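Only one structure is covered here, and it is reproduced in the block below.
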Amino acid sequence: MEKSIRRYSAFIPRWCQAFGDHAPDPGGEGRAVEWLLGADSVGVVVLPDIRRLLTHELLSAQQPQLELGERCVRLNQRTYAEMNVLGHPGYAALRELLLGPGDAYMFLTYHLIYPPGTRIITISRKPPLALLYKEMAALPITVHE
């Protein structure tokens, strides 16, 4: 299924809205990827080095290519297959959100329970606050069912 994710970046660098209520990811702090599952959103907290790479690839001015399979992810020229993170319920929730009807929005958020400077890559069914974010070019994505 082809879908287009509406991407947003903050008007002022390092400003972002709060992620909001979510179910904690048991054991997430001990992994490189921690999933946040909200009512209408899925967030990903990753190690700083990985976050810089993902933020650069997903939220830069360039047009990234993203493909989500059941057990693999392809981002531009990199393919990640059969990784533990792809079997996590958070990844399944992300795929479900993207396969659902309506628009999907991508932007960075934060949450007070995480250390200062932590940013959450967020995919949501609701757009971010227009006061904080400007829309960028959409991200075309392929989600395999």
Where Ala61 falls short, out of the listed (1) at pLDDT 90 or above; (2) outside any helix (DSSP H, G or I): (1)
Any hit, segment 86-99, residues being modelled with pLDDT under 85 and touching a Gly at 6+ places or on another chain (Cβ under 8 Å): no
All positions within segment 103-119 that are part of a strand (DSSP E or B) and either at pLDDT 90 or above or of a type in the set (Asp, Glu) (or both): Ala104, Tyr105, Met106, Phe107, Leu108, Thr109
Flag for Gly20 being surrounded by 13 or more Cβ atoms within 10 Å (Cβ to Cβ), outside any strand (DSSP E or B) and at pLDDT 75 or above: yes
Residue in segment 101-145 that is surrounded by the fewest Cβ atoms within 10 Å (Cβ to Cβ), counting only those that are closer than 17 Å to Leu68 by Cβ and among the β-branched types (Val, Ile, Thr): Thr142
Selection count where residues are surrounded by 15 or more Cβ atoms within 10 Å (Cβ to Cβ) and either out of contact with any Asp or Glu (no Cβ under 9 Å at 6 or more places or on another chain) or assigned to a loop (DSSP other than H, G, I, E, B) (or both), scope segment 68-82: 2
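The values are calculated or read from the model by the stated rules, or taken from the named source; none is laboratory data. Treat the numbers as computed from the prediction; the structure is a model and nothing was measured. Cβ atoms come from the backbone with ideal geometry, glycine included; neighbour counts cover every protein chain shown.
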